1. Please report the spacing between the Cα centers of region 20-96 and region 122-137 in Å, no decimals.
2. Taking only the alpha-carbon positions of region 425-492 and ignoring solvent, what does the Debye formula give for the base-10 log of I(q)/I(0) at q = 0.17, 0.20, 0.26 Å⁻¹?
3. Towards the positive end of the charge dipole of the chain, with charges on Cβ (+1 Lys, Arg; -1 Asp, Glu), say which of Ala272, Tyr486, Val410 has the farthest Cα.
4. What ranking, highest mean first, results for peptides 341-354, 198-211 when packing means the other Cβ atoms within 10 Å averaged over each residue?
5. Give me the extension gain from Lys198 to Glu406: residue separation times 0.36 nm, minus the current Cα-Cα distance, reported in nm with one decimal.
6. Which order results if Val277, Val125, Val453 are arranged by neighbouring Cβ count within 10 Å, fewest first?
7. Using the structure shown, select from Lys234/Lys477; Lys198/Lys467; Lys306/Lys393; Lys344/Lys477; Lys249/Lys467; Lys295/Lys467 the pairs with a Cα to Cα distance greater than 31 angstrom.
8. Output the 0 to 90 degree angle, nearest 10, between the alpha-carbon long axis of helix 63-81 and the longest principal axis computed from the alpha carbons of the chain.
Amino acid sequence: MRSRKPTQTRPALRNWGDSNLGDFGLACIAGLLAALAFPNFNYYLFIFIFPIPLLLALENAKGRKAYFLGVTAGFSEVFLGFYWIGNWANIALEWPEPINHIATLGYSFFMAQCFGLVAWLYTFVKPRFKALQPILFPLIWCNLFSLFPFLFPFHLGDSQTANLVMLQPIEWTGVWGFDFIALLTASGITGLILNKKKGAIQGTIILGVLLLWATLGFFRLQHWDREITTWPQKTIGLVQTNRPASIHKVLPEPGYSRAFPLEMDMTRQLVAQGAEVVFWPEGSFYGYAYWVDVKQSFNAQMALLKTPLIFLDSGFENRPEGRAHFNTTFLISERGIQQDHYHKRHLVPFGEYTPFLSDYKWAKQILGSFLATLQPGETDRTFDTAGLKIVPKICFEILFPKEVSEAIGVNGEGKVLLVQSQDGWYGESSGVEQHLGASVLRAIENRVPLIHVINNGPSSVILPSGKYAFKAPSFEKGAFAVSFPYSTNTGGSFYSNHPGWMINVIHLCGFLILGLCFLPKKHE
């Protein structure tokens, strides 16, 4: 008898169970493709295929290996796509080069945990629901990404500002609908690669869903393009100072003061050009709420110009427990009186408030003046001025689709979203365009115009279709008189009326499937 050769087993890689370089290479490719889809690279179609290498690597993985494959893919994507976190740490935390890039590594690793959880849970659920495999990955992804405590939340749809046809249906589903469709596409292609016979049937169904989504998007974009051409024009003024970001209160430029800053001089120019209302960005401290001379000067200037002004400054309220400080948008009317204000509701962790750390001396030593103690506002506001119904949101708040839609409310007619931000924290990076991409999504979701005035640019006016009516140069100082189409009778969407429905359905399906996993096998 011939003796059989002993079976050779594949050696473990660095004690990571059954892991191998090929699988982790596929995970890295998945992260790279995802990063390339976002601003700075803008290969936006990659968002429909980036999960494929990861799904192939996960085919025979489970447990710890699946988790680390997901972490690898997530770390690759976040490190490449959110590299500007290092700029933020340099300016906001005042960490010097190259130490500031430790923040990028730490943030990338933290965010990658969500990817790891997605991969682990997918491989845990998949054997129990083989018939539902194409929808499992998008379902698990959307569930975990909606629940994970990201510092800067992001969506796959943020990459699609140059692909407006595919974004139009989010007026019904919100951005979660697009994210689900993009992931479903990748899942269907993966099924076709792994099982041509069974995958062909599933792939045909998924292709039909994708084509339906794209067809709806095409016709809705055509509708809005026609609709907008019938609207009258409004002229507004956008101030863009391009002032460097700083955690310290920066002194006014030579020749100006807090009572008459550079922005006020630019406002006078804009009013002379026909601006009906002027908007200033986030990024400066004037002391309007604190110093009587500043308030009197601002009010007197706007009364003289007979034009409303909307600007952002520090605000406060005296409460029984003490003075509460806010990040506040103020409205001065054309008569020169403070007409309204809005306190920012969703604060930036470690930027505007410091969770868990405010009482520790070591935290104060590390974070220094960056240790913030602002209070959140309690209500949304609508500023009725210059023939516009303006719904203000401040910087970071535009990243939260449900909260923005709740601010628009069930009656969105005539409303305009306003976003004021200081994006100099990210340096001259793609962080600014990523932020602006979220504004495009909010305009489409709620079918309202959106004004995004950015300290360092590009300040923009976005139409309800997602197209730009105006986009200023980046990293340049300027005062821009902008005309854009506006209708008092149009605004709002199914999503703005029901902002939680899509993610609630996703949660329900996800929890149902997870619950079924723990039933005895005879009931599966």
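1. 22 Å
2. Normalising to I(0) and taking log10 leaves -0.60, -0.79, -1.15.
3. Farthest towards the positive end: Val410.
4. 341-354, 198-211
5. Length gained between Lys198 and Glu406: 70.6 nm.
6. Result, fewest neighbours first: Val125, Val277, Val453.
7. Lys198/Lys467; Lys249/Lys467; Lys295/Lys467
8. That helix lies at roughly 30 degrees to the long axis.
We did not get these values from a lab; they are worked out from the coordinates using the rules stated. The model shown is predicted, which means the values in this text are computed figures rather than measured ones. Positions of Cβ are backbone-derived with ideal geometry, glycine not excepted, and every protein chain shown enters the neighbour counts.
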